[in-house]
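Right, one structure below, let's go through it.
The values are calculated or read from the model by the stated rules, or taken from the named source; none is laboratory data. Predicted model only: the values in this text are computed from it and were never measured. Note that we place each Cβ from the backbone using ideal geometry, even for glycine, and neighbour counts take in every protein chain shown. Side chains are part of the model used for accessible areas, which takes the heavy atoms of the whole protein and leaves out ligands, DNA and RNA. Shrake-Rupley method; radii C 1.70, N 1.55, O 1.52, S 1.80 Å.
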Amino acid sequence: PLIIPIDKELLKDKNSIWEDPKLLANLVKDGLGQLSHNEVTDVIMMVESYDLTFQEYQHKKGAKKVLDNLAVDKIREFVGDDVESYAILSKDYETIKSKDPDSKEVTAKVFAMPKSLIEDLSQAFGERQLNLIKVVPTESAMLYCAQNTIYSYDRTVALISMDFTSVRVMIAKNGIPLYCHDFNSPVDEILDVIKEDRSINLNAAVEYLRMT
């Protein structure tokens, strides 16, 4: 994969790349050019949980409509009556094996992102001739893999992924995802140390880290 470090000076007074959709769209378009894949027009964006409003909770098995309403209520606890302005996605990650569905609760996570931000991102990507198809929480994608891709029957499997964005941990057993969480990556701090110690710029620090 191509990793493009973000110069903090480009963000100016912003705390995150999400606050500047046009900058993010430009980075994606430029990255596709560097990879010689200018023919790509459709984009699926993966978002870390700490960049979203999210909550983990437990619930009994029930009808989809009831569970969807429960997920909305969990986000309402954070954003109040403004919940209608959020796009919401929930995901269970503990499958019930018991014959009695009321004997155990299911663990779930719900993620939410402002619809206005998604619209701004779609517009910014469109201006660069890119089609933003969907925005997917990274944890939701990992849970899907645990339930449908990773072979963990008769064994416990731990998947640990670390990159410039996050450290992600997922544990599955017997086809059941038991734990899934992501954490802020320490790479930014490591790059700052390398830059200061070697008196080099950000891109050089990234290359040095890749080689070590």
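Can you confirm whether the stretch 183-195 contains a residue that is within 26 Å of residue 78 (Cβ to Cβ), open to solvent by less than 40 Å² (accessible area, probe 1.4 Å) and at pLDDT 80 or above?
Checked against the condition, which is being within 26 Å of residue 78 (Cβ to Cβ), open to solvent by less than 40 Å² (accessible area, probe 1.4 Å) and at pLDDT 80 or above, the stretch 183-195 yields at least one hit.
Read through the list (1) more than 22 Å from residue 91 (Cα to Cα); (2) free of Cβ contacts under 8 Å to residues at least 24 places away in the same chain, then give the number of the only condition that residue 151 fails.
(1)
Of all residues in the stretch 128-156, which are touching a helix residue (DSSP H, G or I) at 6+ places or on another chain (Cβ under 8 Å) and open to solvent by less than 30 Å² (accessible area, probe 1.4 Å)?
130, 132, 137, 138, 139, 152
This table checks each residue for (1) modelled with pLDDT of 90 or more; (2) in contact with a His (Cβ under 9 Å, 6 or more places away or on another chain); (3) on the phi > 0 side of the Ramachandran plot.
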{"position": "41", "(1), (2), (3)": "yes, no, no"}
{"position": "53", "(1), (2), (3)": "no, no, no"}
{"position": "63", "(1), (2), (3)": "no, no, no"}
{"position": "72", "(1), (2), (3)": "yes, no, no"}
{"position": "95", "(1), (2), (3)": "no, no, no"}
{"position": "102", "(1), (2), (3)": "no, no, no"}
{"position": "107", "(1), (2), (3)": "no, yes, no"}
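Taking the stretch 143-182 only, how many residues are among the β-branched types (Val, Ile, Thr), touching a strand residue (DSSP E or B) at 6+ places or on another chain (Cβ under 9 Å), at pLDDT below 80 and under 25 Å from residue 52 (Cα atoms)?
Final tally of qualifying residues: 1.
Filter the stretch 110-139 for residues that are more than 14 Å from the chain's Cα centre (by Cα) and among the charged types (D, E, K, R); which is nearest to residue 51 (Cα to Cα)?
For the stretch 110-139, the residue satisfying everything is 115.
Restricting to the stretch 13-40, what's the tally of residues that are among the hydroxyl-bearing types (Ser, Thr, Tyr) and in contact with a helix residue (DSSP H, G or I) (Cβ under 9 Å, 6 or more places away or on another chain)?
1
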